[in-house]
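Encoded as structure tokens, the structure appears first; notes follow it.
The values are calculated or read from the model by the stated rules, or taken from the named source; none is laboratory data. Since the structure is predicted, the reported quantities are computational estimates derived from the model, not experimental observations. For neighbour counting, all protein chains shown are included, and Cβ atoms are generated from backbone atoms with ideal geometry for every residue, glycine included.
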Amino acid sequence: MTSRFKGFYKLPAGERIRKLLENVSVSEAGALFLESGGGLDLSLADKISENVISVLGLPLSVALNFVIDSREVLVPMAVEEPSIVAGASKAALIVRAAGGFVTRASDPVMTAQVQVYDVANHSAAKVALESAENEIVLLANAAIPSMVSRGGGARSIEIRDLKEGMVVTHIYVDCRDAMGANVADSVAEAVAPRIAQIAGGKVGLRILSNLPLNRMVKASAKIPVSAFNSPEVAKGVAMASRFAELDVYRAVTHNKGIMNGIDAVAVACGQDFRSIEAAAHGFAGMGEGYRPLSSWRIEDSGEGAHLVGELELPLAAGIVGGSTQATPGARLCLELVGAKTSRELASVIASAGLAANLASLLALSTEGIQRGHMRLHSRKKSTPG
Ligand code: MEV
């Protein structure tokens, strides 16, 4: 299997599908989906949501050239903005020549929150809850037996005193290959009455947190400066990165460029992209101010100068359950990615984010974004403006 197809963009779509299917083995249903033009039946759409009147399409593409942790990966992207797929593929080609993306993902641990209010004695509540950790973990696991049988389950708790009579308990739950929203919500609901009883207060909200700080992913790339036409190109990327660290107006746009890649893969693979967006921006806003999620630096550690990029964020991705299996398109895209675990999918999504980011910074610090954009926009026959 390779993710490198020279001249793929020049082929008619039917030829692209043929080439793709020759190179990667997908299920019969997946091949049929592609060969029949894709999309979503109205009758299936009607089962997924409410008040359905039609279905809305998006182009489904594959970003090429990705090597992630030494694995060739075809990266599906569903997005309407023309330069994203081409840019990510181009950046992935540069990173590929330098050995590919290297990633690290933590265990897939979600955070369930239980709010208790009208607590008379905060510190006594905190102590009592902390000493009931085992009981709470057991109670949580009793609510999610199938997750426990798959090797997941509640791991630990943390008590946070929010003052004003409010004590919040976090239950950290390993959700294995699921995104985990349902699992975390089930846990929160199951343990809430006992937590309120121990804390001596009233049950409030019982819901996951969309800031899963125990479910982090990091993608990095290390490119020799000599891979660029001139050292000034690498310096331009590093300077663009520093700009985002010094200026919130730039940081938001920098992160938008990262989310161009992340959301495109997330949408294609049936992920809850709103939750991924919320986590990314929530994490970027932690600490002293809103920060860029990635950094690019020139480093010289004795083997010549390299442009080193790193992206780190909390990311809840799933390959089973939720919306991941709801549509034939998402099922096919997950097949194309070939991730065997939710952590592997998170690594692919983060690598796509770093690739999209590099593509933007390269374009911005050299020819400017408009030239490339306009070239690609000219392909859109019926789009005004
Ligand atoms: C456009 O969709 C994204 C960019 O604005 C990102 C960036 O400025 O880094 C090009």
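Report yes if Arg176 is under 17 Å from Met216 (Cα atoms) and either assigned to a helix (DSSP H, G or I) or among the charged types (D, E, K, R) (or both), otherwise no. Answer is yes for this residue. Among the residues of the stretch 235-287, those identified as within 17 Å of Ser61 (Cβ to Cβ) and part of a loop (DSSP other than H, G, I, E, B) are Cys269, Gly270, Gln271. Within the stretch 239-250, can you find the residues that are under 14 Å from Ala284 (Cα atoms) and near the ligand (Cβ under 10 Å from one of its atoms)? Answer for the stretch 239-250, where residues must be under 14 Å from Ala284 (Cα atoms) and near the ligand (Cβ under 10 Å from one of its atoms): Ala244, Arg250. All conditions in (1) free of Cβ contacts under 8 Å to residues at least 12 places away in the same chain; (2) among the acidic types (Asp, Glu); (3) touching a Gly at 6+ places or on another chain (Cβ under 9 Å) hold for Glu367, with the sole exception of (3).
Of all residues in the stretch 276-285, none satisfies being within 11 Å of the ligand (Cβ to nearest atom), surrounded by fewer than 20 Cβ atoms within 10 Å (Cβ to Cβ) and in the same structural domain as Gly87 (by TED's automatic domain parsing). Inclusion of Val67 among residues that are in a strand (DSSP E or B), in contact (Cβ under 8 Å) with a residue 12 or more places away in the chain and more than 16 Å from the ligand (Cβ to nearest atom) is warranted. Within the set of pairs 6 or more residues apart or between chains, which connect a residue that is without any contact (Cβ under 8 Å) to a residue 60 or more places away in the chain and assigned by TED's automatic domain parsing to the domain that holds Ala316 inside the stretch 245-269 to a residue that is in a helix (DSSP H, G or I) and of a type in the set (Phe, Trp, Tyr) with Cβ atoms less than 6 Å apart? Sorted first by the residue in the stretch 245-269, then by its partner, the pairs are Arg250/Phe243. Note on the stretch 70-99: residues that are away from the ligand (no atom under 16 Å from the Cβ) and part of a loop (DSSP other than H, G, I, E, B) total 3. Any idea how many residues of the stretch 19-57 are part of a helix (DSSP H, G or I) and touching a helix residue (DSSP H, G or I) at 6+ places or on another chain (Cβ under 6 Å)? Result for the stretch 19-57: 5. Residues in the stretch 219-234 that are small (Gly, Ala, Ser) and farther than 11 Å from Ile298 by Cα: Ala219, Ser220, Ala221, Ser226, Ala227, Ser230.
Among residues that are under 30 Å from Asp177 (Cα atoms) and among the hydrophobic types (A, V, I, L, M, F, W, C), Ile223 is not included. Mind listing just one residue for me: the one in the stretch 368-385 that is more than 12 Å from the ligand (Cβ to nearest atom) and outside any helix (DSSP H, G or I) and, of those, modelled with the highest pLDDT? Among those that are more than 12 Å from the ligand (Cβ to nearest atom) and outside any helix (DSSP H, G or I), it is Arg379.
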